[in-house]
Amino acid sequence: MSGDDLEQYETDMELALYREYRDVVRLFSYVVETERRFYLANGVDLQVRSAAGEVYFELRLQDAWVWDVYRSKRFVKSVRVVTFKDVNVEELTKTDIDI
């Protein structure tokens with residue numbers, strides 16, 4: 001496989017992922033961004049925690065979809081994320097998801 005073939009493959013995968021996102025976004029109520037992943041979810045619980053003087057975030061998502069081109073199954077029942085970085089949670093409205 002040449003470099004061009006690999007680049008075309010990755011471009012095709014990204015486009016397929018975007019199309020999947022466009023098709024499923026209407027099924028979800030929240031958009032969640034962490035430093036590593038982008039999620040769509042119908043349930044979000046964000047807790048600020050501290051241990052040994054460090055503050056971190058514990059995020060629990062229910063009925064989620066994960067933006068990850070290399071993941072074979074993007075729909076997951078529940079997700080738990082622990083991070084020291086920022087977390088962004090936005091509630092979608094019907095006008096937000098009309099693409």
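The values are calculated or read from the model by the stated rules, or taken from the named source; none is laboratory data. Everything numeric here is computed off the predicted structure, so don't read it as measured data. Here the Cβ positions follow ideal geometry from the backbone for every residue, glycine too, while neighbour counts run over all protein chains shown. To get the accessible areas, we keep the full protein, side chains included, count just its heavy atoms, and leave off ligands, DNA and RNA. Shrake-Rupley method; radii C 1.70, N 1.55, O 1.52, S 1.80 Å.
Suppose we take every Cα in segment 36-83 and form the convex hull; what volume per residue is that in Å³?
Values: hull volume 3.4 nm³, N = 48.
Expressed per residue, the convex hull around the Cα atoms of segment 36-83 is 71 Å³.
From the residues 70, 48, 27, which one has its Cα farthest along the dipole of the chain in the positive direction, the dipole being from +1 and -1 charges on Cβ of Lys/Arg and Asp/Glu about the Cα centre?
In the chain, that residue is 48.
Given the options 80, 22, 36, which has the most mean-square fluctuation in a GNM of the chain, springs set between C-alpha atoms less than 10 angstrom apart?
Highest fluctuation among the options: 36.
Using only C-alpha atoms and all pairs of different ones, pull out the Kirkwood radius for the chain in Å with one decimal.
Value: 15.0 Å, from the Cα pair sum.
Just want the answer: with Cβ charges of +1 for Lys and Arg and -1 for Asp and Glu, which residue in 38, 1, 59 is farthest toward the dipole's positive end in the chain?
Highest projection toward the positive end goes to 59.
Taking only protein heavy atoms into account and a 1.4 Å probe, give the accessible area per residue of segment 5-86 in Å².
67
Which ³J(HN,Hα) values in Hz, rounded to whole numbers, follow from the phi angles of segment 14-22 under the Karplus curve 6.51 cos²θ - 1.76 cosθ + 1.60, where θ = phi - 60° and Gly and Pro get x?
Result, rounded to whole Hz: 5, 5, 5, 5, 4, 5, 4, 4, 4.
Calculate the translational D of segment 14-65 in whole µm² s⁻¹ from Stokes-Einstein, where the hydrodynamic radius comes from the Kirkwood formula applied to all Cα pairs, the temperature is 37 °C and the viscosity 0.692 mPa s.
Stokes-Einstein gives a translational diffusion coefficient of 262 µm²/s.
Suppose only helical runs count, i.e. DSSP H with n ≥ 4. What mean residue ellipticity at 222 nm does that imply for the chain under -39500 (n - 2.57) per run, divided by all residues and rounded to the nearest 500 deg cm²/dmol?
Details: 2 runs with 26 residues, N = 99.
Helix contribution divided over all residues of the chain: -8500 deg cm²/dmol.
Hey, which lysines would be in cross-link range of residue 94, C-alpha to C-alpha under 16 Å, not counting anything within fewer than 8 residues on its own chain?
none
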